[in-house]
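So the structure is just underneath, and the comments pick up after that.
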Amino acid sequence: MSFSRETDHGTPAAIATGKSVTLTIDGQSVTLPEGTSIMRAASLTGGSIPKLCATDSMDSFGSCRLCLVEVEGRNGYPASCTTPVAEGMVVRTQTERLKQLRRGVMELYISDHPLDCLTCGANGDCELQDQAGAVGLRDVRYGYDGATNMGQAKDQSNPYFDFDPSKCIVCSRCVRACEEVQGTFALTIEGMGFDSKVSPSQGEDFLGSECVSCGACVQACPTASLIEKSVVEVGTPDRAIVTTCAYCGVGCTFRAEMRGEELVRMVPWKDGKANRGHSCVKGRFAWGYAQHQDRILNPMIRASVSEPWREVSWEEAIAHTASEFRRIQGKYGTRSIGGITSSRCTNEETFLVQKLIRQGFGNNNVDTCARVCHSPTGYGLSQTFGTSAGTQDFDSVMQADVILVIGANPTDGHPVFASRMKKRLRQGAKLIVMDPRRTDLVKSPHVEAEHHLPLRPGTNVAMLTAMAHVIVTEKLYDEAFIRERCDWDEFTDWADFVSEAVRSPEAIEPLTGVKADEVRAAARLYATGGNGAIYYGLGVTEHSQGSSTVMAIANLAMATGNVGREGVGVNPLRGQNNVQGACDMGSFPHEFSGYRHVSDTATRALFEQAWGVSLDAEPGLRIPNMLDAATDGTFKGLFVQGEDILQSDPNTHHVAAGLAAMECVVVQDLFLNETANYAHIFLPGSTFLEKDGTFTNAERRIQRVRQVMAPLNGYADWEIVQLVANAMGLDWTYDHPAQIMDEIAALTPTFAGVHYDRLEAEGSLQWPANDAAPDGTPTMHIDGFVRGKGKFVVTDYVPTDEKTGPRFPLLLTTGRILSHYNVGAQTRRTANTAWHPEDRLEIHPSDADNRGLKDGDWVTLRSRAGETTLRALVTERVAPGVVYTTFHHPETQANVITTDYSDWATNCPEYKVTAVQVMASNGPSDWQRDYADQARTSRRIAPLEAAE
Amino acid sequence: MRVFVSRDMASVALGADDVARAFADAGCDVVRTGSRGLFSIEPLVEVETDDGRIGFGPVGPGDVAAVLDGTHATRLGKVEELAFFAGQQRFTFARCGVIDPLSLEDYAALHGWQGLAAARAQAPQAVVDTVKASGLRGRGGAGFPTGIKWQTVLDAPAGDKFIVCNADEGDSGTFADRMLMEGDPYCLIEGMAIAAHAVGAGHGYIYIRSEYPFAIYTMRLAIERSAHLVAPFTLEVREGAGAYVCGEETALLDSIEGKRGQVRAKPPLPALKGLFGQPTVINNVLSLAAVPFILAEGADAYAAVGFGRSRGTMPVQLAGNVRHGGLYEIGFGITLGELVNDVGGGTASGRPVRAVQVGGPLGAYFPPSMFHLPFDYEAFAQAGGLIGHAGITVFDDSVDMAHMARFAMEFCAAESCGKCTPCRIGSTRGVEIMDRIMAQRAPSAAAQPDPGLLPSQEHGSLAKALYSRAPSRIDTSLDAQTSLLRDLCDTMKYGSLCALGGFTPYPVLSALDHFPEDFGARAPIKEAAE
């Protein structure tokens, strides 16, 4: 793919009304949808009207006045961007008179613009430059001695882009992008007339302002006024490759714009169906980790973790890995080893890792990090609806009338989707937020929740059941839907259960701490406000009743008929880029790809035939079971690809003990992560920029990942797995991930129609994609639930065993922040640390006062599992009695605090509820000190002797 | 004894409060009214007698005794019989200056609420038809038929519709909106209530510029007192923040919405997508205040007066260097000369009239040779000008028209919202061109402007523009600069988003065309009004 700018039709497509009009543009008769602008009409018919303030990602504005046209029978020269087409209209876009007017306008622009094009970062990629050429400007008769806005200081505060007001043409595209696309409203135009200036917040610099660095303004800027620092440094790109972001589960697609072999910038792809041309600070800018000096590029081995690492050849590392695994199996049995697939790697890589384990290790000891995030989603939605995935595509939110957000913080965790949601909220959809914290969605510019239900952590099931109580007892349910789609008897059993007085909002108010009136009002709004859409996150799943909560959500959606069409549904916001895909690919110990149980003989036979081995019919070990078995001495070897369980999994002490008890831990990763401190073999991994494959996002959308540069470590991750497999005696001969996908398609009914040529042609596919759904499935359960009848499951509230008391009076809940991703291995190695250099403990002012704590004080955070030290952030975002922190920084190790309580059905850890105490601190905890020492020792790499 | 003294802001500025206090101290029952509208007789005191109200003016606080015994030298007799008033056709301003503005009894006694009663007895469509038949056109300046605008809003499907009154009267030399709001606020309220009935609106806003504290105060009180009479229609006042451009209807809507007052592109028309995105009637004070008369007296009574397609009356405001400044409501068709010389009595300075500017700071300048023009939207448009809000500013022969052209550009630069390029950059460039022209023309070409009128250097970048460095590398000859000025005016007129940038060329080009000698031209320019 060579470099060409994406076509910009100037204004967005008209809102479909079904009607069309026929008009004449420059003598050519065209028929277009009603509401299309003249500008867009001209562009769609191959014409081109000069423009500067118009771009098709936002509403027309009409300020630059370059796009004036002549319309027969109308006075003056209407702006083509703001004038819609009309039946019989005769438009002329290129006349001498228009040229004269356009030149007149351009002459004014250039009279206040520095003419340093040759040394400008945007030279050759500048719309002002292009348009000056297009209108034929040859002279600026005003001279350059008059008033100017030039010579103003640059704002270089943002680590990723510069703002040079001297080059600004005040088109307001940045301001409008911030409002319309991102929804943050951080930018404005300050001053009037000639003094009009773009201003972040109220005259602050970008970094200090409300700006979230999503990059929409930079993308929108037609000049070099807002420009990526990387473009200034490297130069303008000369080619572009479309690929998929490796951060969260939104699955944004980007154009990786290259100059030679160097990545210049990542620009969100307008045709990306998940992100629709938008991005966040992570995907847009935080890709520098790929070239970070911390990356390990050579394989390393060592006999024990107390020794320094020794760099070896790939051949030696692979052979050593195979022989160690075989040795352990010989000594301790077939089931003494296992592996963990990565939700950050591609579908193909994940498939290969589970294949290696099932085919090569001969057991089902495979698990994935979804264990610790959305395993209850898989279980709960599969039980109730029949599919382990969300029901909608992201576009669906634009049809929602009532949006219920439960235990999710999309503006931080899924920012690009949050921008869509906020757009819909600005259009008038109502919002209910169920979250212990006052997240940004509860109230931010032009968005305010109708109802915020700040429930006490751990009471989700009681709260959702109380909402069901209101819906059932007030007869707000959709009887026709239930009778048609669900089992009526199951419904009545469930209805009887939820109707009991003990489950009323009034009865549970002491548990949840939320006013019953508010719960009732929220339930009524969800049930009766039109299309009701539920979006939820880890605040739902990471509880001892995570699976019950997912099913309680499904019950609500079924009872109100909010499943099976656009605008409604139950939508888990998946955490990692490919967590959906990793689950789909058979990463769980009990399931093959496509969620088919290993005990199912027919499915097993299919795989046995394809792989030429007999497969274990017994489900294997889950991650926590592997660690338990390791401390028990029965589990001795682990292959971990692209996951840092030591930092991300709960109860760090226990994880460390489990890893330390193993004889061979193989870590495949970009960096010497925390888990690698306990590893014996390190296989350097490759980044998403360095390989081909696919990711599947939260809306079941399978999208291509394309190699934009050669792997720095020599191999893509799928190749490394293949090397290990072959060293273990398997006979794999994949030349390209496309062949792996073909195998997946052949073995997985829901993926039967997924092939690379189709992905190339269509951009993406949403599974199921097979003969029954040849174009994929944007919305699930349209004509009926996948499992047949939707199943109402009685969800009894069982309080967690994790309880506050005199020793641990506060409840800790954990989460994420916009600028960092997961364990931070990637984002901590980028300039994103400018926004969040450390984990902080959010604590309510009253709790802080009681402990004599001030904002910024070092505090000890202690639970029965462990203790750590971090700084306090005193804020009313958390309720009294609740504290909150993130787990992005290994120095803090928030998971030293979390316990090993977990979901009853899936073992998903209860990250969201830990009883803790907080007190003033005068230094790091013993654990932190010991761990720092251990990590320092463990990360040593012996100097290469041979190479000297 | 009962006496009437205006509490209009202009009258107060001339000392009416002191006069009123003096009469009250003397034991009189002082009724504060609006202004009759002739400022050369303010402060005006009217004494109630068996023969009617006898006027005295101007009157000072020391004149109480002489007024009360009828001997004061400025005894005017019955005010309405003065030539200035006898010649008027006061449809809209019938009560202004006569009644206590906030007295519901006074208002009702002089035909108040009759229009609303008539309207509410009819279907909305019938009301809209009546307004259409009256020929009423937007008095804010654009002259768009009010009835057609209302029809669009009536036909628009929507839950919420709004009535917005544009009372951001920013044109220099205009004051009719203010006088009406201070002198007869219920008239505006009644007009808005009629509009609400006609289009199905529930709530209205009156957007008043912050420079009108008396009007804001009066309107708020009047809204409160008449709430029960216009219910269920409700009203509120929104105060502007000093931007001229917020008188542009879409910028005004943005301002009410709490945003930066910036002009919106049209379409969508405010009638379909106006305030908060809802169908909105937005009319000037004078348009809405004309409606009660039309509904009470019938469309024919209103349409019977006027000229060509300009029907009804216009409250003309005479200001500047004029002997009898004030408000003169008259049917369309009176000539410019009659207004300036007969009604206004020529200049206050006694020197010959050299130019008048009609329609505020964006209106064209006309020389006396064009005083035959009838006051009519079409006639003025044809002559390269506009009626605007019907403000007429008079200049005597000491005026420097190049300076006035420069002022027009400077005004635009100061008030530009900054959205569109021709206005944002063009106005500043226009000032710079005028500086070059004025620096080069023969010193005797015109009277030198008073240096005190030049803006100081403390005006940010505007000052930079005004005192720009010597031009270099460009053709700075008078011919080249004049030609560039014309090109710039062309770009601004046809390229600007709204009337601020689009109309600034009117004063500039009319000054250049009619008074080329002030621009250093050696010979009159042939094709004057191209």
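What the table shows:
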item: Total residues in segment A:626-643, condition at pLDDT below 95 and surrounded by fewer than 24 Cβ atoms within 10 Å (Cβ to Cβ); result: 0
item: Subset tally (residues that are closer than 15 Å to A:His654 by Cα and outside any helix (DSSP H, G or I)) for segment A:624-641; result: 2
item: Matching entry among A:Leu573, A:Leu525 (being among the hydrophobic types (A, V, I, L, M, F, W, C) and within 20 Å of A:Val416 (Cα to Cα)); result: A:Leu573
item: Conditions (1) surrounded by fewer than 21 Cβ atoms within 10 Å (Cβ to Cβ); (2) at positive phi; (3) in contact (Cβ under 8 Å) with a residue 40 or more places away in the chain; number of the one not met by A:Asn651; result: (1)
item: Segment B:318-370: number of residues that are modelled with pLDDT under 95 and among the charged types (D, E, K, R); result: 0
item: Test: A:Ser80 is within 39 Å of the chain's Cα centre (by Cα), closer than 21 Å to B:Gly502 by Cβ and of a type in the set (S, T, N, Q); result: yes
item: Positions within segment B:66-89 being at positive phi and in a loop (DSSP other than H, G, I, E, B), in sequence order; result: B:Gly70
item: Residue in segment A:198-220 that is buried (at least 22 other Cβ atoms within 10 Å of the Cβ) and within 14 Å of chain B (Cβ to nearest Cβ) present; result: yes
item: From the options B:Gly346, B:Gly350, B:Gly360, residue that is more than 20 Å from B:Gly135 (Cβ to Cβ), buried (at least 24 other Cβ atoms within 10 Å of the Cβ) and small (Gly, Ala, Ser); result: B:Gly360
item: Hey, B:Phe407 in a helix (DSSP H, G or I) and away from chain A (no Cβ under 14 Å) or not; result: yes
item: Out of A:Glu891, A:Glu910, sole residue that is under 29 Å from the mean Cα position of the chain (by Cα) and over 30 Å from A:Gly620 (Cα atoms); result: A:Glu891
item: Per-region count, segment B:495-509, residues more than 14 Å from chain A (Cβ to nearest Cβ) and over 18 Å from B:Arg441 (Cα atoms); result: 2
item: Members of segment A:1-53 found to be more than 23 Å from A:Glu72 (Cα to Cα) and outside any loop (DSSP other than H, G, I, E, B), listed by number; result: A:Ser2
item: Verdict on B:Met492 being closer than 27 Å to B:Gln262 by Cα, modelled with pLDDT of 85 or more and away from chain A (no Cβ under 11 Å); result: no
item: Entirely in segment A:70-188, the helices (runs of 4 or more DSSP H) that have 1 or more residues that are within 14 Å of another protein chain (Cβ to nearest Cβ), under 21 Å from A:Pro200 (Cβ atoms) and at pLDDT 95 or above; result: A:173-176
item: Matching residues in segment A:255-295 - criterion: being within 15 Å of A:Val242 (Cα to Cα) and hydroxyl-bearing (Ser, Thr, Tyr); result: A:Ser279
item: Unmet requirement for B:Thr421, which otherwise passes all of (1) surrounded by fewer than 22 Cβ atoms within 10 Å (Cβ to Cβ); (2) at pLDDT 95 or above; (3) of a type in the set (Ser, Thr, Tyr); result: (1)
item: Unique residue being within 30 Å of A:Val198 (Cβ to Cβ), among the aliphatic types (A, V, I, L, M) and buried (at least 24 other Cβ atoms within 10 Å of the Cβ) when the list is B:Leu295, B:Leu286, B:Leu253; result: B:Leu253
item: B:Ala381 vs. criteria under 30 Å from B:Gly312 (Cα atoms), in a helix (DSSP H, G or I) and small (Gly, Ala, Ser); result: yes
item: Helices (runs of 4 or more DSSP H) contained in segment A:515-559 and holding at least 2 residues within 27 Å of the chain's Cα centre (by Cα) and under 20 Å from A:Arg485 (Cβ atoms); result: A:546-559
item: Positions within segment B:423-435 being at the interface with chain A (Cβ under 7 Å from one of its Cβ atoms) and over 25 Å from the mean Cα position of the chain (by Cα), in sequence order; result: B:Ile425, B:Gly426, B:Thr428, B:Arg429, B:Glu432
item: Subset of segment A:222-236 that is surrounded by 20 or more Cβ atoms within 10 Å (Cβ to Cβ) and either acidic (Asp, Glu) or in contact with a strand residue (DSSP E or B) (Cβ under 7 Å, 6 or more places away or on another chain) (or both) - its residue that is nearest to the other protein chains (Cβ to nearest Cβ); result: A:Ser225
item: Check on B:Phe371, in contact with an Asp or Glu (Cβ under 9 Å, 6 or more places away or on another chain), surrounded by fewer than 24 Cβ atoms within 10 Å (Cβ to Cβ) and either more than 14 Å from chain A (Cβ to nearest Cβ) or touching a residue at least 24 places away in the same chain (Cβ under 8 Å) (or both); result: yes
item: Test for B:Met192: is it touching a Cys at 6+ places or on another chain (Cβ under 7 Å) and more than 14 Å from every other protein chain (Cβ to nearest Cβ); result: yes
item: Close pairs from segment B:185-201: first farther than 14 Å from B:Phe293 by Cβ, partner of a type in the set (Lys, Arg) and outside any helix (DSSP H, G or I), Cβ under 7 Å, at least 6 apart; result: B:Val199/B:Lys161; B:Gly200/B:Lys161; B:Ala201/B:Lys161
item: B:Arg209 being touching a Leu at 6+ places or on another chain (Cβ under 8 Å) and either surrounded by fewer than 15 Cβ atoms within 10 Å (Cβ to Cβ) or not small (Gly, Ala, Ser) (or both); result: no
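The values are calculated or read from the model by the stated rules, or taken from the named source; none is laboratory data. Remember, it's a predicted structure, so these values are computed and weren't measured experimentally. Note that each Cβ is placed from the backbone with ideal geometry, even for glycine, and that neighbours are counted across all protein chains shown.
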